[in-house]
Amino acid sequence: MVSIMIKKLINFVKEYDSKDDREPRSKKLFGLAALYNTPNEIITAAADVAGKGYEKFDVYTPYPMHGMDDAMGMKSSKVGYVSFALGLTGMCLALLMIWWMSSVNYQNIIGGKPFFSLPPAIPITFEGTVLLTGIATVFGMLILFNQLPKINSPLNDTDFMKRVSSDKFGVVIKADDEKFSDSEVRKLFLSGGAFEIQEIYYRETNLGIKTPIFDGKFISIIFATAILTAIITYVTLNIALYDVVPFDWMWKQAKINSQSKSDFFPNKAGMREPVNGTVARGFLPYEYKGMPDSSVKLLSNPLAISRKVLERGQERFNIYCSPCHGYFGEGDGRMKDQFPKPPSLHNQKVLNWSDGNIFHVITNGQNVMPSYAEQVSVEDRWSIIHYIRTLQRSKNASDEDLTKAK
């Protein structure tokens, strides 16, 4: 029963697809077509046609042939210009979108970073560029240069097209070419070794429908293809492959989510506390954790002062410290009264502090300032301290410092 239905469906598709075979041809000539037996003959014929100055012609072969572009005198494709223009447009639109969202529409202060910066915008900019370049390449090629969707070419279903798509080679010169002459074209074909010349006439529909993009058959095929693709995709991904290894690995994972139950442990709790006394590999506990800054006695800066250390300290300071303390440590950060104003790093208390005291505050936190031990590495904390000392010295420069600066 099923096989009979499938055969009926196949026959219906074949019959529907071959309706154009019976469509009457008009008396208007589309062009002259010539058939050749060998690749060498078609290469020579293409060069002869191009050499005579014909512009509206095309060559048909059953497989791609090297050297045909040169023989036809074809120029470089202009698809690249369209792709470049749309790619540049995609890049500009992506940058404009990111700049407007982050700098104008929804400003967020994140670690003292600027609202808009080029490096983090590069991935989205790249995606926008590639997206519009791909769209421009495909649609530019199909619509602008191949002039599709012309689904009803006069060459379709002709004996010429059936033969050049099988084992012969052919050239077609259109009748609307400025240099077209029936007798001259026939002489040219015969002189190049053509064994058969055919006259190709327009169909009646070719004369009435210039661009059949709204043709019922074309639209029906597009919608049928989209619906069939959606159904096959849904059934494949949500039913056929849902419980098949390895496609179920994304939702069947040997792990325990937060706050979930576990039958492995006696208390049935999935979340476990670290074993008492556990120390992570490479981790050195901070011995003054939770103590006041006055208790810090034996901490000193292990980093030697260098340009690299100061530049690193300035970078980390501007990211993590300047939002509250300001770029020069004056306590005039960018929080704009959204957070309690911190004291200046140039007051006498901080000037009298040792490097270990400042390190302790950065690591342990103080008053409303939280600990930055998770965000800033130990080495970067010491680099920040060197930079703070540089700011303090620049603010309280001695006569000797001024003399050296001159």
| remark: Checked pairs for the stretch 175-202, first closer than 20 Å to Glu41 by Cα, second in a strand (DSSP E or B) and of a type in the set (Phe, Trp, Tyr), C-beta under 8 Å and 6 or more apart or across chains, list as Gly192/Tyr36; Gly193/Tyr36; Ala194/Tyr36; Phe195/Tyr36
| said: Whether any residue in the stretch 41-56 is among the aromatic types (Phe, Trp, Tyr), closer than 30 Å to Glu196 by Cα and at pLDDT 85 or above is what I want to check. | reply: yes
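Results for (1) under 30 Å from Ser26 (Cβ atoms); (2) within 41 Å of the chain's Cα centre (by Cα); (3) at pLDDT 85 or above, shown as yes or no for each residue.
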residue: Leu207; (1), (2), (3): yes, no, no
residue: Ile213; (1), (2), (3): yes, yes, no
residue: Met250; (1), (2), (3): no, yes, no
residue: Asp263; (1), (2), (3): no, no, no
residue: Asn267; (1), (2), (3): no, no, yes
| query | Scanning for something small (Gly, Ala, Ser), under 21 Å from His360 (Cβ atoms) and either in contact with a Lys or Arg (Cβ under 8 Å, 6 or more places away or on another chain) or surrounded by 17 or more Cβ atoms within 10 Å (Cβ to Cβ) (or both), does the stretch 314-328 turn up at least one residue? | reply | yes
| remark: By residue number, the members of the stretch 51-106 that are among the small types (Gly, Ala, Ser) and in a helix (DSSP H, G or I) are Gly51, Ala71, Gly80, Ser83, Ala85, Gly87, Gly90, Ala94, Ser102, Ser103
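Every residue, every condition in (1) β-branched (Val, Ile, Thr); (2) within 30 Å of Tyr36 (Cα to Cα), yes or no:
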{"residue": "Val104", "(1), (2)": "yes, no"}
{"residue": "Gln107", "(1), (2)": "no, no"}
{"residue": "Pro119", "(1), (2)": "no, no"}
{"residue": "Leu144", "(1), (2)": "no, no"}
{"residue": "Ser166", "(1), (2)": "no, yes"}
| Residues in the stretch 157-188 that are crowded, with 17+ Cβ neighbours inside 10 Å and more than 49 Å from the chain's Cα centre (by Cα): how many? | 2
| task | Check the stretch 327-344 and report whether any residue there is outside any helix (DSSP H, G or I) and more than 45 Å from the chain's Cα centre (by Cα). | result | yes
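The values are calculated or read from the model by the stated rules, or taken from the named source; none is laboratory data. Owing to the predicted nature of the structure, the values given are computational and were not obtained by experimental measurement. Glycine also receives a Cβ, built like all others from the backbone with ideal geometry; neighbour counts cover every protein chain displayed.
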